[in-house]
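One structure is given below, encoded as structure tokens.
The values are calculated or read from the model by the stated rules, or taken from the named source; none is laboratory data. Because the structure is predicted, anything quoted here is derived from the model rather than measured. Cβ placement follows ideal geometry from the backbone for every residue including glycine, while neighbour counts extend to all protein chains displayed. Keep in mind that these areas ignore ligands, DNA and RNA; they rest on the heavy atoms of the full protein, side chains included. Shrake-Rupley method; radii C 1.70, N 1.55, O 1.52, S 1.80 Å.
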Amino acid sequence: EAGVVQSPRYKIIEKKQPVAFWCNPISGHNTLYWYRQNLGQGPELLIRYENEEAVDDSQLPKDRFSAERLKGVDSTLKIQPAELGDSAVYLCASSLVRERNEQFFGPGTRLTVL
Amino acid sequence: QKEVEQNSGPLSVPEGAIASLNCTYSDRGSQSFFWYRQYSGKSPELIMSIYSNGDKEDGRFTAQLNKASQYVSLLIRDSQPSDSATYLCATETSGSRLTFGEGTQLTVNP
């Protein structure tokens with residue numbers, strides 16, 4: 001069974017530039033999560049999708065961050081414009097059975113904003 | 001108070017010893033608890049989940065949960081150098097959100 005796929009793995013951009021991350025969850029997983037992990041800290045949830053619906057986006061900085069999950073499979077997370085403080089690893093995770101909520105992470109995208 | 005607190009590291013144990021990792025949480029409504037292992041430069045990998053009070057064993061790993069004390073632990077028996085990683089404790093809080101601790105860095109010395 002293929003795991004969660006993310007791209008790109010690394011991204012270096014200048015501040016104020018836009019950037020987008022892509023995620024393909026484990027086949028059949030209806031719940032998809034985007035997390036941000038800063039160095040030395042645990043992941044923090046940005047947004048959670050159940051199928052196509054964003055059911056928890058309370059921690060998404062909506063002034064510059066946006067996300068979509070068309071057709072309830074792949075998802076894209078966008079930052080526009082990026083700020084220096086956005087440098088972090090962006091992780092995508094997916095889960096199958098909501099009751100157990102075992103989440104499986106992709107390899108992440110390491111973003112560096114210069 | 002942080003929602004999930006882990007014992008401060010780094011933790012260093014000799015090969016073959018038992019490594020004990022501890023975690024406390026503040027939300028009494030938490031029902032699901034997870035341990036993730038994260039190697040340097042890699043993403044978190046789920047190694048244990050526990051939902052009811054008591055012990056759950058999987059190979060060399062044992063997770064322990066005490067909801068009354070709001071305490072979760074992970075024991076690694078016969079520790080190997082390959083177990084050297086950061087271990088993240090996570091709880092499922094309201095709305096199915098996972099809240100993570102900051103992690104405990106474990107080093108197993110050959």
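Take residue A:6 and decide whether it is at pLDDT below 95, touching a strand residue (DSSP E or B) at 6+ places or on another chain (Cβ under 8 Å) and either assigned to a strand (DSSP E or B) or open to solvent by 40 Å² or more (accessible area, probe 1.4 Å) (or both). Show your work before the answer.
Numbers: at pLDDT below 95: no; touching a strand residue (DSSP E or B) at 6+ places or on another chain (Cβ under 8 Å): yes; either assigned to a strand (DSSP E or B) or open to solvent by 40 Å² or more (accessible area, probe 1.4 Å) (or both): yes.
The answer is no for residue A:6.
Here residue B:48 meets the list (1) touching a residue at least 60 places away in the same chain (Cβ under 8 Å); (2) out of contact with any Leu (no Cβ under 6 Å at 6 or more places or on another chain); (3) among the aliphatic types (A, V, I, L, M) almost entirely, failing just condition (1).
Condition check: in contact with a helix residue (DSSP H, G or I) (Cβ under 6 Å, 6 or more places away or on another chain), over 18 Å from residue B:43 (Cβ atoms) and of a type in the set (S, T, N, Q). Does residue A:30 satisfy that?
On the way: in contact with a helix residue (DSSP H, G or I) (Cβ under 6 Å, 6 or more places away or on another chain): no; over 18 Å from residue B:43 (Cβ atoms): yes; of a type in the set (S, T, N, Q): yes.
Against the criterion (in contact with a helix residue (DSSP H, G or I) (Cβ under 6 Å, 6 or more places away or on another chain), over 18 Å from residue B:43 (Cβ atoms) and of a type in the set (S, T, N, Q)), residue A:30 does not qualify.
Per-residue answers, yes or no, for (1) among the acidic types (Asp, Glu); (2) surrounded by fewer than 18 Cβ atoms within 10 Å (Cβ to Cβ):
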| residue | (1), (2) |
| --- | --- |
| A:2 | no, yes |
| A:21 | no, no |
| A:53 | yes, yes |
| A:58 | no, yes |
| A:65 | no, no |
| A:77 | no, no |
| A:83 | yes, yes |
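Taking the numbered list (1) crowded, with 16+ Cβ neighbours inside 10 Å; (2) in contact with a Lys or Arg (Cβ under 8 Å, 6 or more places away or on another chain); (3) farther than 24 Å from residue B:38 by Cα in turn, residue A:33 passes all entries but (3). Across the stretch A:90-100, the qualifying residues are those that are of a type outside the set (Ser, Thr, Tyr) and surrounded by 20 or more Cβ atoms within 10 Å (Cβ to Cβ), and the one among them that is farthest from the chain's Cα centre (by Cα) is A:93.
Going by the structure shown, is residue A:87 small (Gly, Ala, Ser), surrounded by 15 or more Cβ atoms within 10 Å (Cβ to Cβ) and either touching a strand residue (DSSP E or B) at 6+ places or on another chain (Cβ under 7 Å) or within 12 Å of another protein chain (Cβ to nearest Cβ) (or both)? Yes, satisfied.
Which of the following residues is of a type in the set (A, V, I, L, M) and at the interface with another protein chain (Cβ under 9 Å from one of its Cβ atoms): B:19, B:85, B:90?
Working: B:19 fails: at the interface with another protein chain (Cβ under 9 Å from one of its Cβ atoms); B:85 fails: at the interface with another protein chain (Cβ under 9 Å from one of its Cβ atoms).
Going through B:19, B:85, B:90 in turn, just one is of a type in the set (A, V, I, L, M) and at the interface with another protein chain (Cβ under 9 Å from one of its Cβ atoms): B:90.
For the stretch A:101-109, does any single residue satisfy the condition of being more than 19 Å from residue B:42 (Cβ to Cβ) and surrounded by fewer than 18 Cβ atoms within 10 Å (Cβ to Cβ)? Spell out how you get there, then give the answer.
Going through the stretch A:101-109, the residues more than 19 Å from residue B:42 (Cβ to Cβ) turn out to be A:101.
Keeping just the survivors that are surrounded by fewer than 18 Cβ atoms within 10 Å (Cβ to Cβ) gives none.
No; the residues of the stretch A:101-109 include none that is more than 19 Å from residue B:42 (Cβ to Cβ) and surrounded by fewer than 18 Cβ atoms within 10 Å (Cβ to Cβ).
Suppose we filter the stretch B:96-110 for residues that are under 17 Å from residue B:41 (Cβ atoms) and either buried (at least 19 other Cβ atoms within 10 Å of the Cβ) or among the aromatic types (Phe, Trp, Tyr) (or both); how many remain? Of the residues in that region, 2 qualify. Screening residue B:65 with (1) free of Cβ contacts under 8 Å to residues at least 12 places away in the same chain; (2) more than 14 Å from chain A (Cβ to nearest Cβ) gives one miss only, at (1).
Just to be sure I understand, how many residues within the stretch A:93-114 are facing chain B (nearest Cβ under 9 Å) and under 17 Å from residue A:49 (Cβ atoms)? Qualifying residue count, the stretch A:93-114: 9.
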